[in-house]
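Structure, as structure tokens:
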Amino acid sequence: MMEPDYRDFRPSLQLASVLFYDKPLFSLQHQVSEALYWLGLNEPPLKQQSQLFKEGGYAVLQNNNTKAIIRFPCFRFRPSQADALHMDLWHKGQNVLRDSGSYSYNTEEKWLKYFSGTRSHNTIEFDDRDQMPKVSRFLFGKWLTTNLLTEIEQKANQLSWSAGYTDYKGCSHQRQISVSDNCWKITDKIRGKFNKAMLRWRLIPEQWIINNNICQSEKAKIEITCNVDIKRIKITEGWESRYYLEKTALPVLEIEIAAQTAAIFTTIITLH
């Protein structure tokens with residue numbers, strides 16, 4: 001096939017249409033479809049499915065109209081964010097649970113720390129610290145490694161998967177995720193010597209209401225339980241950067257427990 005002129009953007013549009021909508025904009029035989037042949041996407045249309053990317057450090061759980069993307073530690077090059085076991089959740093194309101983004105690589109120290117740190121992700125934070133210590137502006141030390149990793153398992157209409165790590169101070173976090181229909185169950189088992197632990201869920205910006213241990217909106221109902229006393233459960237204001245150099249506020253559900261040696265958080269998310 002002859003390569004189009006560099007100002008012809010149709011190849012990019014063709015590729016994006018197949019990736020995001022499972023259908024081409026132009027004929028598959030047209031020269032603008034060359035990238036599809038390189039990537040093996042020319043036929044048949046893409047079928048979304050659950051996959052475990054062991055070398056990249058990601059798991060994708062796909063069920064009906066919902067999809068979760070989870071990050072687990074698998075670093076060959078320096079990690080840019082302390083985001084181990086972060087979980088993004090999508091429902092009918094909307095990002096219901098989300099991370100912070102990057103914002104900027106040249107900004108005030110507080111924003112560099114926030115957007116790359118553990119507190120701006122949907123995971124567990126021990127003692128107000130990152131999962132890895134910051135060595136320099138762009139470098140974390142004591143890189144995490146995954147010490148628990150299962151295959152994605154499917155039984156009947158239920159998917160399940162789990163992963164875990166132990167950090168440089170001996171605190172461990174194991175996350176098990178299962179989904180059936182539009183109901184997600186996340187079990188977070190933590191262990192170690194810590195003065196406090198915080199579970200965060202960063203929510204899609206809309207009206208969320210907390211009643212005891214249930215947080216809900218028009219999009220979803222989130223029910224939180226723990227096998228030890230919950231010290232605090234509330235919605236706070238966090239930040240996200242959907243576009244570089246732009247940041248906007250979003251609600252963050254925070255669940256805090258006091259000093260323990262072990263605890264189990266259970267989150268049940270029902271998507272409407």
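Of note:
- Answer from GLY238, GLY170 - the residue that is modelled with pLDDT of 95 or more and more than 18 Å from LEU97 (Cα to Cα): GLY170
- Of all residues making up segment 32-48, the number that are at pLDDT below 75 and not basic (Lys, Arg): 6
- Residues that are touching a residue at least 60 places away in the same chain (Cβ under 8 Å) and part of a strand (DSSP E or B), drawn from segment 126-139: PHE126, LEU139
- Search result, residues across segment 195-226 that are closer than 23 Å to ALA263 by Cα and of a type in the set (Val, Ile, Thr): ILE210, ILE214, ILE222, ILE224, THR225
- With respect to the stated conditions, GLU218 is surrounded by fewer than 16 Cβ atoms within 10 Å (Cβ to Cβ), among the charged types (D, E, K, R) and part of a loop (DSSP other than H, G, I, E, B).
- Residues (part of a strand (DSSP E or B) and farther than 22 Å from TYR58 by Cβ) located in segment 140-166: LYS155
- Flag if LYS185 is assigned to a strand (DSSP E or B) and out of contact with any Phe, Trp or Tyr (no Cβ under 7 Å at 6 or more places or on another chain): yes
The values are calculated or read from the model by the stated rules, or taken from the named source; none is laboratory data. Predicted model, so just to flag it, every value in this text is computed and none were measured. Here Cβ is always computed from backbone atoms with ideal geometry, including for glycine, and neighbour counts include all displayed protein chains.
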